[in-house]
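Since every read-out is calculated from the coordinates, none of them should be taken as a lab result. Everything numeric here is computed off the predicted structure, so don't read it as measured data. No Cβ is skipped: glycine too gets one built from the backbone with ideal geometry, and neighbour counts run over all protein chains shown.
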Amino acid sequence: QVQLVESGGGLVQAGGSLRLSCVASGFTFSINRMGWYRQAPGAQRDKVASITSSGTTNYGDAVKGRFIISRDNAKNTVYLQMNSLKPEDTAVYYCHTVDRSSAYWGQGTQVTVSS
């Protein structure tokens, strides 16, 4: 079955950096678009970034120029490099994919940015 396992979250000061990882299994990772979403308390889940099988990336306006999404197909892993973090980036970050018309989510990893 499809599994997405995130890691790399934590507590960081404003201006700092974190790198999130999502290890995928149960589907053909190399052909799937992968995405990162985030959800702050009391807010909706928003798209952060996505990357296609060919490496084309797309970013939400709030993170453009600060975050970088990448993938390593040999390791079935998608990354999110987060730089110049702000307190408003505090949220649970989720890995996402769609496989055979079904959406899948990881369990999420908490990112907390202190001011």
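Details
- Taking amide H as placed 1.01 Å from N in the peptide plane, GLY10 has its amide H under 5 Å from the amide H of VAL111, THR112, each at least 5 places away in sequence or on another chain.
- Whichever lysines have a C-alpha closer than 29 Å to that of LYS86, once near sequence neighbours (fewer than 8 apart) are set aside: LYS47, LYS64
- Cut-off 14 Å between beta-carbons: net charge of the residues surrounding LYS86, Lys and Arg +1, Asp and Glu -1: 0
- SER25/THR112 FRET efficiency (R0 25 Å; Cβ-Cβ; nearest 0.05): 0.35
- Between LYS86, LYS75, LYS47, the residue with the greatest mean-square fluctuation in the GNM of the chain (Cα pairs under 10 Å linked by springs) is LYS75.
- Relative intensity, log₁₀ I(q)/I(0), of the stretch 1-55 from a Debye sum that treats every alpha carbon as a point, q = 0.22, 0.25 Å⁻¹: -1.07, -1.19
- Distances between placed amide hydrogens fall under 5 Å for LEU85 paired with GLY15, GLY16, all partners being 5 or more residues away or on another chain.
- Length-normalised contact order for the chain - Cα pairs under 8 Å, 6+ apart - percent: 36 percent
- Each 5 Å bin, from zero up to the one with the longest distance, holds this percent of the alpha carbon pairs of the chain: 2, 13, 25, 26, 19, 10, 5, 1, 0.
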